[in-house]
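The values are calculated or read from the model by the stated rules, or taken from the named source; none is laboratory data. Every value quoted in this text rests on a predicted model; they were computed, and no experiment measured them. Reconstructed Cβ throughout: ideal geometry from the backbone, glycine too, with neighbour counts over all protein chains shown.
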């Protein structure tokens, strides 16, 4: 694949170009002429590609097919086609491919989710769209997902401390509101694109308020991980999102839609479907899984010596699975014992005080008993039923993976040769 060190952008997308203003309904390519509209490294995007994707976007999103809508959509759609070219070129470089069976399965899934009977390609054809354009979009999306999963996912790690921080935030928000939300995200990777992306976001909000389908619009235009799920981002607690987004959620009522919200990365459109009060679960069922490290007093193991050893040991163990091995290797005389699950509502107060704020994998402060010195290691927590550590880990991992994918695409743009010919005199 041919690469040029610096990106060459010959036509800015920052403002609505003349060719978009001239777009006329009813013509084969919607007023865009014929031929090549953009060159992306060694590949081209034709006016037919652009016209077919525009028609598909309008059809699937429920937006009205009029000059104003096309004028706002064309720059974003051309940008999407350029990005897809870069993504598929990266997949080709990595020798990745997508089978026809994978594409067909994705089409069936879309038809099922949108309650469309029969074959998805037949449905698109019957409504004046191009099944080839839809198939190409699906294939490109699947290819990019494989790039992300192979190249980026192995780099994403979520630590217990990050999960514990989210759980503590949930605890702090107990009794407050949380929101079942949907989101459309439009990235602004170049300051020159600011006004164009803002106009698109405002236009989409206007169309959504007039009845366009949120899930379909999100699937076509949103640039975050929730796009594949129609913009669904699940239940969001107060303080979980950026302050600007959090404020918009707090102000919204179920069924309401926000105006475009600018954050550091781009514009967000939020929809609130439901509200409920944050609950931490049933305190009577909350429990912790404990292991103990213990060393009895002896002539050569006085209290002060053991307390110092315990403090060092506490920092040497990163998780419960490592405890026995660390003791055997470096702390002779210390023994470990699995205490199992302990119901916090029935545990002695001195134990709950010691482990209340200890994260999973961590240990309590050293405990001096009448027989020796002990450390209590927290190997797991059950907060009564509502907190799912795996779900939190998945959410954090998805957020990190999405950020990495945006960075990779940005780097691909910067290192690519991109010549946008649309609107240039021949």
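What the table below lists for this structure:
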read-out: Residue in the stretch 179-228 that is farthest from residue 255 (Cα to Cα), counting only those that are in a strand (DSSP E or B) and touching a helix residue (DSSP H, G or I) at 6+ places or on another chain (Cβ under 7 Å); value: 187
read-out: Residue that is farthest from the chain's Cα centre (by Cα) [pool: residues in the stretch 33-60 that are free of Cβ contacts under 8 Å to residues at least 40 places away in the same chain and either outside the structural domain of residue 85 (by TED's automatic domain parsing) or crowded, with 18+ Cβ neighbours inside 10 Å (or both)]; value: 51
read-out: Selection count where residues are farther than 20 Å from residue 144 by Cα and not in a strand (DSSP E or B), scope the stretch 229-256; value: 19
read-out: Unique residue being under 20 Å from the mean Cα position of the chain (by Cα) and either surrounded by fewer than 16 Cβ atoms within 10 Å (Cβ to Cβ) or touching a residue at least 12 places away in the same chain (Cβ under 8 Å) (or both) when the list is 92, 146, 121; value: 146
read-out: Spans of helices (runs of 4 or more DSSP H) in the stretch 278-366 with at least 2 residues modelled with pLDDT of 90 or more and surrounded by 17 or more Cβ atoms within 10 Å (Cβ to Cβ); value: 303-316, 320-330
read-out: Selection status of residue 259, outside the structural domain of residue 320 (by TED's automatic domain parsing), assigned to a loop (DSSP other than H, G, I, E, B), farther than 22 Å from residue 396 by Cα and touching a strand residue (DSSP E or B) at 6+ places or on another chain (Cβ under 9 Å); value: yes
read-out: Residue selected from the stretch 95-109 under the condition free of Cβ contacts under 8 Å to residues at least 12 places away in the same chain and assigned to a helix (DSSP H, G or I), by the criterion surrounded by the most Cβ atoms within 10 Å (Cβ to Cβ); value: 104
read-out: Residue within the stretch 151-162 that is at pLDDT below 85 and either surrounded by fewer than 18 Cβ atoms within 10 Å (Cβ to Cβ) or over 16 Å from the mean Cα position of the chain (by Cα) (or both) present; value: no
